[in-house]
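The values are calculated or read from the model by the stated rules, or taken from the named source; none is laboratory data. Model, not experiment: these values are computed from the prediction. Backbone-built Cβ (ideal geometry, glycine too); neighbour counts: all protein chains shown. When the accessible area is computed, the model is the full protein with side chains, heavy atoms only, and any ligands, DNA or RNA have been set aside. Shrake-Rupley method; radii C 1.70, N 1.55, O 1.52, S 1.80 Å.
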Amino acid sequence: PWSLPYGFESTFDQGLKFTPKPIDSDVRVEPNAPLQPENPVSTHLYKRRWLVVMLFSSYSLCNSYQWIQYGIINNIFMRFYNVTSFTVDWLSMVYMLMYIPLIFPVTWLLDKKGLRVIALAATALNCAGTWIKVASVRPDLFPVTFLGQATSSVAQVFILGMPSRIASVWFGTKEVSTACAIGVFGNQLGIAIGFLVPPILVPNVEDMDELANHIRVMFYITAGVSTVLFILVITVFQEQPDIPPTQAQAAARLIPAESSSYMKSILCLLRNRAFVLLILSYGLNVGSFYAVSTLLNRMIIMCYPGQEVAAGRIGLTIVIAGMVGSLICGVWLDRSKTYKQTTLLVYVMSLAGMLIYAFTLDRVHLWLVFITAGTLGFFMTGYLPLGFEFAVELTYPESEGTSSGLLNCSAQVFGIIFTICQGKIIDDFGTLAGNLFLCAFLLLGTIITALIKSDLRRQRANQLANTAVSIEHILK
């Protein structure tokens, strides 16, 4: 018999027909579980898939922009609201904090209700958060602006882990990593705009009324864009294509919804040693990126006083370079399928980039910081889609939303810890010590990545299903 993984068993009967049957409701899907035979399911790629992923990328952009819009002009908001630097840091860290308890119910909702409900919830919350912030432009209304940011941070929980799910549901085997990279691309572009635009829209002027007008304009623009995107999701976003794009997705659709247990799925993932190692290494890398992004304004102002706009442009350089890295890595994975090797290489280069950035930050030459920050961003931010896609390969056929959610939960936990600790180290010992603190954990993450066993289950499922199709065609 053929050994087809993920809940089916393969035997041949009556003219060698290959017929998949649904998995029994009491049976968990294990990596080497046998496959029940059936006729191969037809697959089709719809042009609409590009509209879906681009719309997702757009509202992800709008949300991630808000994450950094306070932190990159930290000193301006400190003066406007008369609060401490650490208090303004929490306007970024609230994104990380909200994710940790909410990712589990949101992932359960994704499994039960699907992509469209999640997209509607994300854009509705994002829209609400932006309008709350419009009403917060007064020095005594910091709690209101925090409420608006907290609302937008809840929206992020419905967004951050979706790229791999959308890619699997809508895209073919040869483009799934590219599609995931495009989904992550929107998030990165939003962060890039968040670095670039606030220092331009909100200059560091002395007059408080003028400063309030600048902040108000920034908030109104964000609210207008988020409202348009909410309307587009209502009218355009579709749950899934009528015909699945791959044999692996066709097999996943055959699993009855009532047969899956969310808690069993999480426990199954946590028993997967390779995935647990990936959770740790992903959290260390992305948590370091969150800390660098949140504290970038503070580090640049400390080394180059009065350079708020330059700090934003350095952040932009980090993310733009990372977007290029993400797309290159996505295309490379679709062509090579070398998930472990690529992930390890990018991790090593992230560590090297962080070391170079740490030792050149305070060397007087601001142009050098742009170069080293761009190198760091190319690899550190480029790692994001690699982690998502490697996780899907290691955990198939478990829900992509669940695996991505656990990765992001790890990143948020490490992000909060690293931001608080690095901020304290920078205040007490300077920027070099703070950045070397992150380098130590990136080294640990590199070692953990090297220990991950490359078990590409989704690739194996598609290959075996396609082999069955080829055999049937030959025998007809």
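Add -39500 (n - 2.57) for each DSSP H run of 4 or more in the chain, then divide by its residues: what number comes out at 222 nm, to the nearest 500 deg cm²/dmol? If you can, show how the numbers build up before the last one.
Working: 18 runs with 353 residues, N = 476.
Per the formula, -25500 deg cm²/dmol.
Take every Cα pair under 8 Å in the chain that's 6+ residues apart, average their separations, divide by the length, and report that relative contact order as a whole percent. Numbers along the way, then the final one.
Numbers: 856 pairs, mean separation 104.8, N = 476.
It comes to 22 percent, rounded to a whole number.
Using a simple spin-label model with points 7 Å from Cα along the Cα→Cβ vector, what separation in nm is obtained for residue 83 and residue 109?
Reported label-point gap for residue 83 and residue 109 is 2.5 nm.
Using a 1.4 angstrom probe on the protein heavy atoms only, line up 294, 235 by accessible area, largest first.
Details: 294 5, 235 95 Å².
Correct descending sequence by accessible area is 235, 294.
State, to one decimal in nm, how far the label point of residue 213 lies from the label point of residue 459, with both points 7 Å from Cα in the Cβ direction.
Between residue 213 and residue 459, the label points sit 5.9 nm apart.
Apply the a/c threshold of 1.5 to the C-alpha gyration tensor of the range 326-376 and tell me whether it is rounded, prolate or oblate. The partial results should precede the final answer.
Working: a/c = 6.90, a/b = 2.49, b/c = 2.77.
Verdict is oblate for the range 326-376.
Set the Förster radius R0 to 35 Å, insert the Cβ-Cβ distance between residue 141 and residue 352 as r into 1/(1 + (r/R0)^6), and round the FRET efficiency to 0.05. Provide the component values of the computation, followed by the final result.
Numbers: r = 44 Å, r/R0 = 1.27.
Efficiency computed from Cβ-Cβ geometry: 0.20.
Keeping all protein chains in the complex and leaving out DNA, RNA and ligands, what accessible area do you get for residue 44 with a 1.4 Å probe, in Å² to the nearest 10?
80 Å²
Projected area of the chain, taken from the Cα convex hull and averaged over every viewing direction, in nm²? Could you put the intermediate results ahead of the total?
Working: hull surface 85.7 nm².
Across all orientations, the chain yields a mean hull projection of 21.4 nm².
If you count only protein heavy atoms with a 1.4 Å probe, what accessible area per residue comes out for the range 204-244, rounded to a whole Å²? Present the calculation step by step, with values, prior to reporting the outcome.
Details: 2190 Å² over 41 residues.
Here the residues of the range 204-244 average 53 Å² of exposed surface.
Given a 1.4 angstrom probe, what's the average accessible area per residue across the range 263-338, in square angstrom?
35 Å²
Hey, could you get me the Stokes-Einstein D for the range 319-449, Kirkwood radius over alpha-carbon pairs, 37 °C and 0.692 mPa s, rounded to whole µm² s⁻¹?
In µm²/s, the coefficient rounds to 209.
For the chain: lysine pairs with Cα atoms under 21 Å, gap of 8 or more or different chains, count? Numbers along the way, then the final one.
Working: 17/476; 47/174; 112/264; 113/264; 174/337; 174/340; 337/453; 340/453.
Within the chain, the lysine pair count is 8.
In nm, what is the difference between 0.36 nm times the number of residues separating residue 51 and residue 332 and their Cα-Cα distance? Write down the numbers at each step before the final one.
Working: separation 281, 0.36 × 281 = 101.16 nm, distance 2.27 nm.
So the extension gain works out to 98.9 nm.
Quick check: residue separation of residue 228 and residue 420 times 0.36 nm, minus the Cα distance between them. What number comes out in nm? Provide the component values of the computation, followed by the final result.
On the way: separation 192, 0.36 × 192 = 69.12 nm, distance 3.55 nm.
Stretched fully, the residue 228-residue 420 segment lengthens by 65.6 nm.
I'd like the Karplus ³J(HN,Hα) series for the range 115-132: coefficients 6.51, -1.76, 1.60, θ = phi - 60°, whole numbers in Hz, and an x wherever there's a Gly or Pro.
5, 5, 4, 5, 5, 5, 5, 4, 6, 5, 5, 4, 5, 4, x, 5, 6, 4
Report the extension gain between residue 264 and residue 433 in nm, rounded to one decimal, defined as 0.36 nm multiplied by the number of residues separating them, less their alpha carbon distance.
Details: separation 169, 0.36 × 169 = 60.84 nm, distance 4.27 nm.
Working it through step by step, the gained length comes to 56.6 nm.
Kindly state, to the nearest 0.05, the FRET efficiency for residue 471 paired with residue 235, given R0 = 35 Å and r defined as their beta-carbon distance. Write down the numbers at each step before the final one.
Values: r = 44 Å, r/R0 = 1.26.
The computed FRET efficiency comes out at 0.20.
Rank these residues by their accessible area, most exposed first, probe 1.4 Å: 145, 173. Walk me through the numbers before you get to the answer.
Details: 145 0, 173 45 Å².
Output order, biggest surface exposure first: 173, 145.
Applying a 10 Å radius around every beta-carbon, put 267-279, 175-187 in order of their mean neighbour count, most first.
On the way: 267-279: 17.6, 175-187: 26.8.
Ranking, from highest mean packing down: 175-187, 267-279.
Over the chain, what percent of the accessible surface lies on carbon and sulfur atoms, probe 1.4 Å?
Working: 12380 of 18280 Å².
About 68 percent, which is the carbon plus sulfur part of the accessible surface.
Working with all protein chains in place, sort 264, 174, 340 by solvent-accessible area computed with a 1.4 Å probe, largest first. If you can, show how the numbers build up before the last one.
On the way: 264 110, 174 175, 340 40 Å².
From most accessible down to least: 174, 264, 340.
What three numbers, in Å, describe the spread of the alpha carbons of the range 159-258 along their principal axes, ordered from the longest?
Taking max minus min along each principal axis of the Cα atoms, the range 159-258 gives 63, 25, 22 Å.
In nm, give the distance between the simple-model label positions of residue 201 and residue 413, each being 7 Å from the Cα along the Cα-to-Cβ direction.
Output for this residue pair reads 3.5 nm.
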